[in-house]
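Data first, discussion second: the structure below is written as structure tokens.
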Amino acid sequence: MAMTPGGAETAAQAAEDSAPGGEAALVKAAPGDVSSPIIVPNTLWTSARPNSYESTAARFTHLRELEHSDLMLSDTARWGQLEVIPTKADLIIDLIRMNSLWPLLSGLACCAIEMMSAATSKNDMDRWGMFPFRASPRQADVLIVAGTLTTKMAGPLVRLWEQMPEPKWCVAMGDCTCSGGRYKRSYSTIEGIDRVMPVDVYVPGCPPRPEGLIYGMMKLGQLVKERRGHWPEHPIGPNVPQDV
Amino acid sequence: MTAPVQPHYPHPSADDPRIMLDAQIGQYEQVPPYPPRTEREAEFYTLGDGEMFLNMGPQHPSTHGVLRVVLKINGEKVVDLDPVLGYLHRGVEKLCENSDYHHIISQIDPLEYVSSLFMEWAPVMAFEKLMDVQVPRRAEYIRVLTGELLRIASHALFQGWMALDLGGLTPILYSFIERDEIVEMLAAVTGQRMLFNYFRIGGVNGDLNHEFMSRLGDWMSRAAVQHEANIGLLNENEIFVRRMRDIGRVDRDTALRMGVTGPNIRAAGIPFDVRRAHPYSVYPELEFNVPVRGSNGGGDSLDRYLLRLDEVRESIRIIDQCLHEMPDGPVMARLPRLMRPRPGRAWAAVESPRGLFGTYVISDGTDQPFRFRIHDPSFVHLQLVGMLMKDNLIADTMAVMASLDPVMGGIDK
Amino acid sequence: MTTVPGMGLVHGMGLTLRRFFAPKATIMWPEQNADVAPRFRGRLQLLYDEYGTLKCETCFQCAQACPIECIDMGGVDTRGRFHVHWGPPETYGERREESAMRRAGRPVADAAFTRFDPMDVTPVTAIAEAHDFEPKDLLPMLEDIQAAYGYLPVAALKHLSRQTGAWYAFVYGAASSFKHLRFEPPTMPAAAPAGEGLRSAEAGYVSALGAALSGKAPA
Amino acid sequence: MTAITRSLGNVSTVGKVVIPLLVLILVVGPLVTVLLATVIGPWVVGVANSNLGILRFVVAITGILLFSIPAAFIIIYMELKVIAYMNLRVGPNRVLPAGAAHSVIAGLKVLTKEDFSPTSADKTVFTWAPVMVFLTAVMTFMVIPFGPGLVGAPLNIGLLYLFAVGGMTVVGLLLAGWSSFNKYSLLGGLRSAAQVVSYEIPLTLSVVGLILLAGTLSIDSIARQQAGWVWDWFVFRQPLGALIFFIAGVAEANRTPFDLTEADSEIVAGFATEYSGMRFGFLFFAEYVNVFIMSALIVTMFFGAWNAPVDINAVLGFFHLAPFWVYLQPGELGLGLLLVIAVAPLLVTLALSAPVYLLRDSMPAWKALVVGFILFNLLVIGALGLAAYIDWDWVAGLVWFMLKAFIFVFVFVWMRGTFPRVRIDQLMGFAWKWLLPAALLNLFITAFAIVILKSAGIH
């Protein structure tokens, strides 16, 4: 994209402001000159994801141990250890649930507008069977928490969540619900709704685009589908490709 | 390495005081759970013959957010009501007082999330007054242009919500199509769909680009026609008109006494518009009418609804003029990066889609304001609710509430 | 209202019937993408300048400003002195672990809350206490810490960040912008300015980059 | 015995199961057949003959229960899709082509949800109220004639039964609203009581004029009187009555613009606020079954029931044609019939696949043959359907009845997609101030007309 006149002006002005003394601070690259990236051997810092930054094998083996342990055989996600063996019928039920996720008609703040936008004509959430925004929590499957959660609203929200019948899922939409967002420093907000209730899918963004919410709901559908019986093949968690 | 698996919820035990036993759940919850503190409370929380409380909200489909209204009803009739606020109180004013002047723009943006640009406009104007900044004329035109676009989007949403609260499913979807076009257009120039963070002290963040102009041209070519088609679904609908007429009538005196502004006061017959009464930006150079509705007795819900539709037509006119008269030039004034205005105070008000939105700033000479106060129109209009809803039916509460068009973000700040 | 009662209803029904047969406005995402403006801010990508160099200066301002702290970055500062890693694991390691155990019954996939070498941080606590844990007194505190240790150890900076509540990037930024503060022990020779000793490694990179930019395969 | 066990040991696992089964079938089968033919069969036939009424009732109830759930699913799907199209969206489209199974999936999901009842609710009433709502809806089906002879119970006071049973829906809704221990539910229940009771009166009165014209209370007879051309339908003799019946029917079915009982934006979900799981499913289905019943009633009363809009016999008679199926006498072919049955499929398949093969270069021969065979089958099905339509009047009646009923279902959905909701006082005022006088007016005009025409000697 071409630089706008205003942008050029502000850039020049920024340089002027930051270096009032002289020309030394101004970097002037000659055309054709490839400035060099800084490469320093990594001695002190341990990578967050060894697989993604280095080609060496993972040093963290706890996940693999966990996958081979007895814990992985049962669904310990929310309902505790399952005392039944999942069968094909459960898979069918999961498929059914996945394709009929009714959200609760509940919005807290700004993200509620984008949540509505996700359900309207342009980005039609109904295509996945997520249409009837049920007004009563008794008939809803998904609680989309859209907007800043304040301390005063926390009680009613948890109550709503507890009024929903199982099985139920929660989607945290927007930065404020994920972690407090731009109101993190406020005295009256809760820094992330996972402090007060369990969350299945986080949709970041301030606010996220409607497609973002739909993507989150699709992920939730995947989560519902793969909840049982498929644990080793589909680990839940950030899934970063190896060559990032 | 494997940590023991902890169950999420502790196993309930009778000793735990946090856990409510089944026997206790069956009892009525007292409303409120404390003895009355004022005379008003004592009066309100005393039930007459055949009356009962109906707690509407904070999560209710038509309270426009998280407002809670305790209704005292007798059958279907609302005898009395008590709005409870604060479910969206985020402490915006205090956050702004702890941010530097540039940062305030992004802090105040989601205050009233339907019309964010106006939330930026008022503080930016106040800071410009405080620092004696001359804004380039092109920047002013861009502000007016984007602001009026957003006003149309906001009024479109109002129309949809109005219908939704009266039980119509379809109009809100047509409104959202219109609104989506506008916000995508604004995203092309500001970079975001809702919380734009576009206005800067001394101008705007970036110049209008080709993408925006082409989208705007597309939209302008069919805006008026589309608007008329969409409103045709409701405007002549007998059910709609009968539900809105003579409901929630605000007379002139009440409107003046309660400090009502914006479309709500214009619907009551008083042509008060900040853009004309206290001109700012380049509005004096633009031609537009201030639509007024309502007879001598004031305006009802239908007047407020129709007036907003009139405003959309005026906004389209303003946009047209802006596009023709916009000068070339810079969009940003030359300003220091770190702002330390002189000690002083400034007030600036803009005409937001909901009325007069103002900010009051006191500077103590540092890079953060000493005091930062917000005047929000929705908060003022919510005071009318108690007056208008009384002695109406439960269904009318929705019509009245929707016609006042409050946004809880602005009310609770 | 129309003169004939009921005409408004008929008019509305006519409109909806016309829209019933009209082309639909839905964008069939994800099969078909919406026309998102190039200026849209909601995407994450590292941008390159006209010379093909990463614009990122590793100033950590974005990570610090990110409202949900989702930016997880590691790198070297502009003066080439030190590696910094800034991201959610540092700030929310504990909470993530708890949340993940609760939700999925398993620890987080990236257990990146790795600590640096253990060291005695009681002097840091004492220094912070002496300054009343005030983040505004960061510079005197850092000077005191340097006086106590001879340099600024990472663990001390982290501890200071945790004690005062200032963001780590803030503490680190303050420490790195003063010349008299150093990150290396006095016995160790100070690191050379960026890339001075690494020209050989860089030359290969630059040639590869040039090849990539000009579209030719690297020799 | 050892020989048998040894030889059994040699066969495979499947054989071990199949061979004894075969033996069992060969031995037991004839025995059972003989027993059925000689002893049980006559007994069953005798019992059935002596209890024909009960048998018919059981069959009818089973058929109606089997029909009502798919009908509700189809209407829910229609509502999803039609409203979506009117909203300029595409609606559900993920499960099956065009999302055809989304309503079924929603129903099944509701079935698997936690079945919840509030602590302070009256559990017995709370449980049985949805069942009552659903059953009254299904019971109304019993007297609706889907075609000539296709009626569960051909009562001669069918209309009376209809209004009596249909009015019982309100009891279920009221019980549901009251037992939930929720103020929104209570309001919803009371609203539904007020609304349904008020609209019962114009609904019933609007039909009285029709009863005067038809001279009977039997729905079947009313349907038969509308046979013939389009203008023989009662809607052209009772336009005002039809309009009142339609409006009151919308209110009876609790549909937009009269859906006050579960007004989302006012009283959260009305009487259904506290319902979850399958009990909610019952209420949900009952709503759509009611929609179908109302459409079916409107069609039966005013829009010619199962009769086609064109009098086919009159048309044929006009052209001096006997019905052409009279000429078709397959028996006359004699042995040639066998030849036709043997050869015709082959020949027709080849004939149908030839153009496909010739027109498309890329089409291999076997594919063309498959296409031809499918086309042939479609042809046969179409021919059989046409024959059934012509020969069995109940097939023709069912087709026309369903077509008309679903047109009215579409109108119901269309109205939901367009209108806002009326207010409770306007709703009641409309019923008592406008609909009731109009219905009475209709009744008087009809009575006068009949008296005058009769005295003039015109029937």
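Might you let me know whether the stretch D:328-335 holds any residue that is under 20 Å from the mean Cα position of the chain (by Cα), more than 14 Å from chain B (Cβ to nearest Cβ) and either at pLDDT below 75 or surrounded by 24 or more Cβ atoms within 10 Å (Cβ to Cβ) (or both)?
no
Please state which of the following conditions residue A:176 fails to meet, knowing it meets all the rest: (1) surrounded by fewer than 22 Cβ atoms within 10 Å (Cβ to Cβ); (2) more than 8 Å from chain B (Cβ to nearest Cβ); (3) not in a loop (DSSP other than H, G, I, E, B).
Here residue A:176 clears every test but (1).
Among the residues in the stretch D:247-254, are any in contact with a Pro (Cβ under 7 Å, 6 or more places away or on another chain), away from every other protein chain (no Cβ under 13 Å), closer than 22 Å to residue B:168 by Cα and surrounded by 24 or more Cβ atoms within 10 Å (Cβ to Cβ)?
Yes, the stretch D:247-254 has at least one match.
Out of the stretch A:179-212, which residues are modelled with pLDDT of 80 or more, outside any helix (DSSP H, G or I), more than 25 Å from residue A:222 (Cβ to Cβ) and facing chain B (nearest Cβ under 10 Å)?
Residues satisfying the conditions are A:186, A:187, A:188, A:189.
Of all residues in the stretch A:137-149, how many are closer than 13 Å to residue A:168 by Cα and assigned to a loop (DSSP other than H, G, I, E, B)?
Final tally of qualifying residues: 2.
In the stretch A:138-148, what count of residues is obtained for those that are more than 9 Å from chain D (Cβ to nearest Cβ) and farther than 16 Å from residue A:115 by Cα?
So the count comes out to 0.
For residue D:411, state whether it is within 24 Å of residue D:87 (Cα to Cα) and of a type in the set (Val, Ile, Thr).
The answer is yes for residue D:411.
Regarding the stretch D:79-89, can at least one residue be identified that is under 30 Å from residue D:155 (Cα atoms) and surrounded by 11 or more Cβ atoms within 10 Å (Cβ to Cβ)?
no
For residues that are part of a helix (DSSP H, G or I) and either more than 8 Å from chain B (Cβ to nearest Cβ) or over 18 Å from residue B:171 (Cβ atoms) (or both), tally how many sit in the stretch A:113-136.
Of the residues in that region, 8 qualify.
Of the residues that sit in the stretch D:235-246 and are of a type in the set (Phe, Trp, Tyr) and crowded, with 16+ Cβ neighbours inside 10 Å, which one is farthest from residue D:436 (Cα to Cα)?
The qualifying residue farthest from residue D:436 (Cα to Cα) is D:246.
Among what's in the stretch D:277-295 and is of a type in the set (Gly, Ala, Ser) and surrounded by 24 or more Cβ atoms within 10 Å (Cβ to Cβ), pick the residue that is modelled with the lowest pLDDT.
Only one residue tops the list, namely D:286.
If a residue has to be within 24 Å of residue B:404 (Cβ to Cβ) and within 14 Å of another protein chain (Cβ to nearest Cβ) to count, how many in the stretch B:324-365 make the cut?
Here the count works out to 1.
Restricting to the stretch A:150-173, name every residue that is within 14 Å of chain D (Cβ to nearest Cβ), of a type in the set (A, V, I, L, M) and outside any helix (DSSP H, G or I).
Hit for the stretch A:150-173 is A:164, nothing else.
What residue, of D:173, D:159, D:186, is crowded, with 20+ Cβ neighbours inside 10 Å and out of contact with any Phe, Trp or Tyr (no Cβ under 9 Å at 6 or more places or on another chain)?
Only one candidate qualifies: D:159.
Say whether the condition of being in contact (Cβ under 8 Å) with a residue 24 or more places away in the chain, surrounded by 15 or more Cβ atoms within 10 Å (Cβ to Cβ) and assigned to a helix (DSSP H, G or I) is met by at least one residue in the stretch D:376-390.
Yes, the stretch D:376-390 has at least one match.
Which of the residues belonging to the stretch D:165-186 are within 9 Å of residue D:261 (Cβ to Cβ) and either of a type outside the set (Gly, Ala, Ser) or touching an Asp or Glu at 6+ places or on another chain (Cβ under 7 Å) (or both)?
Scanning the stretch D:165-186 gives a single hit, D:173.
Among the candidates A:222, A:163, single out the residue that is polar (S, T, N, Q) and touching a Pro at 6+ places or on another chain (Cβ under 8 Å).
A:163
For (1) at pLDDT 90 or above; (2) buried (at least 24 other Cβ atoms within 10 Å of the Cβ), each residue gets a yes or a no:
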position	(1), (2)
B:91	no, no
B:102	no, no
B:131	no, no
B:170	no, yes
B:176	yes, yes
B:187	no, no
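Taking residue B:218, is it in contact with a Lys or Arg (Cβ under 6 Å, 6 or more places away or on another chain), free of Cβ contacts under 8 Å to residues at least 12 places away in the same chain and not in a loop (DSSP other than H, G, I, E, B)?
It is false that residue B:218 is in contact with a Lys or Arg (Cβ under 6 Å, 6 or more places away or on another chain), free of Cβ contacts under 8 Å to residues at least 12 places away in the same chain and not in a loop (DSSP other than H, G, I, E, B).
If residue D:232 satisfies all but one of (1) of a type in the set (D, E, K, R); (2) under 22 Å from residue B:239 (Cα atoms); (3) surrounded by fewer than 24 Cβ atoms within 10 Å (Cβ to Cβ); (4) at pLDDT below 85, what's the number of the condition it fails?
Here residue D:232 meets the rest and fails (2).
Just checking, which of B:191, B:217, B:203 is at pLDDT 85 or above, within 24 Å of residue B:142 (Cα to Cα) and either within 10 Å of chain C (Cβ to nearest Cβ) or surrounded by 24 or more Cβ atoms within 10 Å (Cβ to Cβ) (or both)?
Answer to the check: B:203.
The values are calculated or read from the model by the stated rules, or taken from the named source; none is laboratory data. For clarity, every value in this text was computed on a predicted model and none was experimentally measured. Using ideal geometry, Cβ is built from the backbone for each residue, glycine included, and neighbour counts are taken over all protein chains shown.
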